Amino acid sequence: MTAGTHRPLLETVLGQRQSRPPIWIMRQAGRYLPEYRETRTRARNFLDLCYTPELATEVTLQPLRRFDLDAAILFSDILVIPDALGQSVRFATGEGPLLDPLDEKGIDALDRGRAMTHLAPVLETVRRLRAELPAEKTLIGFCGAPWTVATYMLGGRGSADQWTARRFALEHPEAFERLIDILVDTSIDYLVAQFEAGADVVQVFESWALNLDDAAFNRQVIDPNRRIVEGVRARVPDAPIIGFPRGAAGNLKRYAQATGVNVLGIDFATPLAFVNDHLPPELPVQGNLDPLRLVVGGEAMDSQVRAILAAFAHRPHIFNLGHGIVPETPIAHVERLIELVKGA
Ligand code: CP3
């Protein structure tokens, strides 16, 4: 690390507000970029893309060649964890991820012993990225939070209400705890390894922090996220961590306090005033433009970008979308977004 290098995104994560908010975009490497679609054809399938350091490094860097972004996010997926534990994971075109759903026996057959060996190529990608990126660009590593990953492992696919996983958690509490324990321990090892390989910050994606009552939110979201933050920091002191509990709504404050994340990712349905009224003014926040506004552009986008910048003008803020960028997004709108944020 070069002494004196200005690293706007990392500094914001650590609580220092910048004159202009740094920006990155969730899923910034992806199908809206023609160069991503081209590189994707060179891998046999999506997971091979994640496990081929040469291709994964290339794809991670593509958005930074085009846009003035402040961070690169490791190109991988949250579902490399079930794959590394020995569950079958496939990505069917147009259908999203498909897994062989786990039952109690399947949980006991998961093999934590093989996980880190399986994930070695992803860590090689992190090393290559840190070597290639200039010091002022923050390298973000990530994992899925245990509950979110468990919804795919138990349900076998994405679903609007996570019914299968929520039901399993209530009907088979002990097997469910065993699954969460495996995911917590594997995620800690994986995030620590990402820091050791050169990640500056990690984000924990809790994409399904919704549809949970108080007790389920505590058990399925807060407790595992807190254990990951504590477990990582026991081995990487002061490790900077962004938590993104999508859909947490009224639970946002409790999530931030109980987990101890440095930055709270805010989804686009969370009112800006709610954030300022309920979260400590020194707590850094990340977000939260609706990805659909980036698709439509024009005044529909510009007006809300200005509203977000104004609402978070007095606290540490990382500009981002409130969920991942979608494939139909015009590149010109991304350019305009960055111009607006950087010129704010
Ligand atoms: O942000 C980045 O650029 C880094 C790479 C990244 C991907 N997925 C690449 C990807 C990250 C951080 C993720 C996280 C992820 N993956 C989440 C959490 C964030 C969120 O969106 O809620 C989840 C739930 C997944 C699981 C997953 N992976 C789904 C549901 C899908 C299918 C949906 C889709 O967009 O097609 C994927 C596939 C996936 N992961 C793609 C990419 C670029 C598209 C696959 C392709 O190229 O065919």
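Which of the residues belonging to segment 117-158 are among the polar types (S, T, N, Q), within 16 Å of the ligand (Cβ to nearest atom) and either more than 15 Å from the chain's Cα centre (by Cα) or assigned to a helix (DSSP H, G or I) (or both)?
First, the residues of segment 117-158 that are among the polar types (S, T, N, Q): 117, 125, 138, 148, 151.
Checking the rest, the ones that are also within 16 Å of the ligand (Cβ to nearest atom) come to 125, 138, 148, 151.
Matches in segment 117-158: 125, 148, 151.
Tally the residues that are part of a loop (DSSP other than H, G, I, E, B), more than 9 Å from the ligand (Cβ to nearest atom) and of a type in the set (D, E, K, R), restricting the search to segment 14-67.
4
For residue 114, state whether it is touching a Gly at 6+ places or on another chain (Cβ under 7 Å), assigned to a loop (DSSP other than H, G, I, E, B) and not small (Gly, Ala, Ser). It would help to see each step written out before you state the result.
Values: touching a Gly at 6+ places or on another chain (Cβ under 7 Å): yes; assigned to a loop (DSSP other than H, G, I, E, B): no; not small (Gly, Ala, Ser): yes.
So residue 114 does not fit the description; no.
So for segment 311-322 (the condition being more than 24 Å from residue 71 (Cα to Cα), modelled with pLDDT of 95 or more and of a type outside the set (S, T, N, Q)), does at least one residue qualify?
no
Give the residues of segment 187-222 that are in contact (Cβ under 8 Å) with a residue 40 or more places away in the chain, in a helix (DSSP H, G or I) and under 14 Å from residue 258 (Cβ atoms), sorted by residue number.
Residues satisfying the conditions are 219, 220, 221.
Checking residue 282 against (1) of a type outside the set (Lys, Arg); (2) surrounded by fewer than 20 Cβ atoms within 10 Å (Cβ to Cβ); (3) without any contact (Cβ under 8 Å) to a residue 60 or more places away in the chain, which single condition isn't satisfied?
(3)
This table checks each residue for (1) under 22 Å from residue 337 (Cβ atoms); (2) assigned by TED's automatic domain parsing to the domain that holds residue 128; (3) surrounded by 22 or more Cβ atoms within 10 Å (Cβ to Cβ).
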| site | (1), (2), (3) |
| --- | --- |
| 13 | yes, no, yes |
| 20 | yes, no, no |
| 25 | yes, no, yes |
| 45 | no, yes, no |
| 56 | no, yes, yes |
| 70 | yes, no, yes |
| 90 | no, yes, no |
| 93 | no, yes, no |
| 97 | no, yes, no |
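Each row is one residue, and each column tells you yes or no for (1) outside the structural domain of residue 81 (by TED's automatic domain parsing); (2) within 21 Å of residue 73 (Cα to Cα); (3) among the polar types (S, T, N, Q).
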residue	(1), (2), (3)
111	no, no, no
117	no, no, yes
139	no, yes, no
143	no, yes, no
155	no, no, no
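What residue, of 79, 85, is assigned by TED's automatic domain parsing to the domain that holds residue 111, more than 13 Å from the ligand (Cβ to nearest atom) and either polar (S, T, N, Q) or under 25 Å from residue 207 (Cβ atoms) (or both)?
None of the other options fit; the residue is 85.
When you check residue 7 against the structure, is it charged (D, E, K, R) and more than 13 Å from the ligand (Cβ to nearest atom), yes or no? Even if it seems obvious, please write down each step before you answer.
Numbers: charged (D, E, K, R): yes; more than 13 Å from the ligand (Cβ to nearest atom): yes.
So residue 7 fits the description; yes.
The values are calculated or read from the model by the stated rules, or taken from the named source; none is laboratory data. Computed from a predicted model, the values in this text were never measured in an experiment. Please note: Cβ atoms are built from the backbone with ideal geometry, for glycine as well, and neighbour counts cover all protein chains shown.
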